[in-house]
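The structure appears right after this line, and notes come after that.
The values are calculated or read from the model by the stated rules, or taken from the named source; none is laboratory data. Since this is a predicted model, take the numbers as computed values, not measurements. Using ideal geometry, Cβ is built from the backbone for each residue, glycine included, and neighbour counts are taken over all protein chains shown. The area values use the complete protein model at the heavy-atom level, side chains included, leaving out ligands, DNA and RNA. Shrake-Rupley method; radii C 1.70, N 1.55, O 1.52, S 1.80 Å.
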Amino acid sequence: MLARPVDFMECALSLAGLALGYTSPNPAVGAVVVRDGVVVGLGHTQPPGSVHAEIMALRQAGPRAKGATMYVSLEPCCHHGRTPPCTQAIIDAGVSEIHMSLIDPNPLVSGKGLKALEEAGIKTFVGQYEERAQEINEGYIKFITTGMPFVIAKFAMSLDGKIATENGDSKWISGDESRKFVHYLRHIVDAIMVGANTVVADDPQLSARGCSGKGGKAKQQPLRVIVDGRGRTPLSARLFEEPGKTLIAVAKPFSEKKAEAFRKAGAEVVELSAEKNVIDLAELLNVLGKRQVTSILVEGGSKLFGSLFDRNLVDKVLAFISPMIIGGEGAKSAVGGNGVGEVAQALRLNRVKISEFGSDVLISGYVGGK
């Protein structure tokens, strides 16, 4: 039986996936250099300030890059940032042809890198696996074009739509495989967000554990964001013992005594506008965007999800559905808030995908035209 031909762009996209969780606020990019049908260089984006995917691949290829073809998941940069432009390195290396999945939406690049390569006489091709390339860098794309983080609403529920029993028990609705995947999600985002009710009820750790060595490193942990208008987060909460940083968003004016207690526990306190102690979530996202938080995984609870959906602040939904029935009129559903008055007004997801994790089913999709 003949071996399946190597798909070099697929390889570049896989390399880009390896960089997720380490490159923010830069995009995660993969590059492959091919000479006479043989891979001579591989690379993926290194942490900010280090080399880009194209440079890593070119260094590995060395003189074999001359006359070679490069496959890269995102248009090479053409401007001086922390590192020199990749386009010039590609031109200097003598690459003769380049395939790109996606044009970089960064205004500093956006077609300019493509133009520079074409003007140097390099053959260019754009668009292979474009949707997959967009998904890999969906956080970067929203951030670089709007200055706001990409918001993912993630929840686990029973077949009858419950996220906990009437007495608040929710351990565990999802299975082991689903929970392992959630740690991967935590690994690749910049921040995890929950409401104070979730902290009080579940005492979560809110850290990425068991993912490529990221778990124990404070600098590589996602920022924990607690939406806590009244400052109800217990000082004994386990999240204060985890590596990484914690930000507690409270309603102003806020008690200086409570704020100082949170600071002593290791958290940063940010006072925001609020109505009846309900935080202005758009303002919070704006604050996080200014701190170069490109993506946020929201993990509950019902009230926070409701507020985000009511204000159209969610970009993507990840709903884990477990084959169990919880029942109970008082048991909470995944999304609270005001909701809609008619089914015809319901928010419908697009680009929907269905995956299996053990006995759980994951339904994922994007809000609106995103």
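Here are the numbers for this structure:
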read-out	value
Among beta bridges that DSSP assigns inside the chain, antiparallel share in %, nearest 5	40
Residue-normalised accessible area of the chain, expressed per residue, 1.4 Å probe, Å²	48
Degrees, to the nearest 10: 176-188 long Cα axis against longest axis of the chain	60
Net length gained if the chain between E256 and L159 were fully extended (0.36 nm per residue, minus Cα distance)	30.5 nm
Packing rank of 98-104, 41-47, 123-129, where each peptide gets the mean count of other beta carbons within 10 Å, highest leading	98-104, 41-47, 123-129
Electrostatic dipole magnitude of the range 1-135 [Cβ: Lys, Arg +1; Asp, Glu -1; Cα centre; debye, to 20]	360
Residue-averaged [θ]222 nm for the chain, counting only DSSP H segments that reach four residues, each worth -39500 (n - 2.57)	-8000 deg cm²/dmol
The range 172-205-the range 298-329 distance, computed between alpha-carbon centres (Å)	13
Placed amide H near L318: partners under 5 Å, 5+ positions off or other chain	A153, K154, F155
Accessible surface of the range 92-221 [probe 1.4 Å, protein heavy atoms]: carbon and sulfur percent	52
Highest-first arrangement of 174-184, 352-362, where packing means the average Cβ count within 10 Å	174-184, 352-362
